[in-house]
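Everything on this sheet refers to the single structure shown next.
The values are calculated or read from the model by the stated rules, or taken from the named source; none is laboratory data. Not measured: the values here are computed from a predicted model. Note that we place each Cβ from the backbone using ideal geometry, even for glycine, and neighbour counts take in every protein chain shown. Areas reflect the complete protein model, heavy atoms only, side chains present, ligands, DNA and RNA absent. Shrake-Rupley method; radii C 1.70, N 1.55, O 1.52, S 1.80 Å.
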Amino acid sequence: MQLRRAAEIVNSKENNNTVVYYQNKPVTIVTVDNNIGTAYVKSVDENNRFEVNLEDLSENH
């Protein structure tokens with residue numbers, strides 16, 4: 001995922017409803033760190049939070 005798209009999702013009012021995929025698992029983006037190209041995400045089903053590379057996120061399952 002590109003930084004600009006990740007930032008659009010974070011800044012969107014529907015951010016909590018926007019699901020993206022990390023390793024084929026649904027997550028929501030909590031915040032983006034544009035200095036190092038990472039996103040902090042929260043899993044949809046388990047409520048875990050972790051850091052991932054933006055390149056590893058996808059809007060398609």
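Observations on the structure shown:
- Residue match in the range 42-58 (condition: part of a helix (DSSP H, G or I) and more than 10 Å from the chain's Cα centre (by Cα)): yes
- The number of residues in the range 11-25 being within 9 Å of the chain's Cα centre (by Cα) and assigned to a strand (DSSP E or B) comes to 3.
- Among the candidates ASN35, ASN24, the residue that is on the phi < 0 side of the Ramachandran plot and among the polar types (S, T, N, Q) is uniquely ASN35.
- Whenever a residue of the range 30-52 is basic (Lys, Arg), its partners that are open to solvent by 80 Å² or more (accessible area, probe 1.4 Å), lying with C-beta atoms within less than 6 angstrom and at least six residues away or across chains, give the pairs LYS42/ARG49.
- Positions within the range 11-26 being within 16 Å of LYS42 (Cβ to Cβ) and modelled with pLDDT under 90, in sequence order: SER12, GLU14, ASN15, ASN16, ASN17, THR18
- Restricting attention to the range 37-60, the residues that are open to solvent by 40 Å² or more (accessible area, probe 1.4 Å) and at pLDDT 90 or above total 12.
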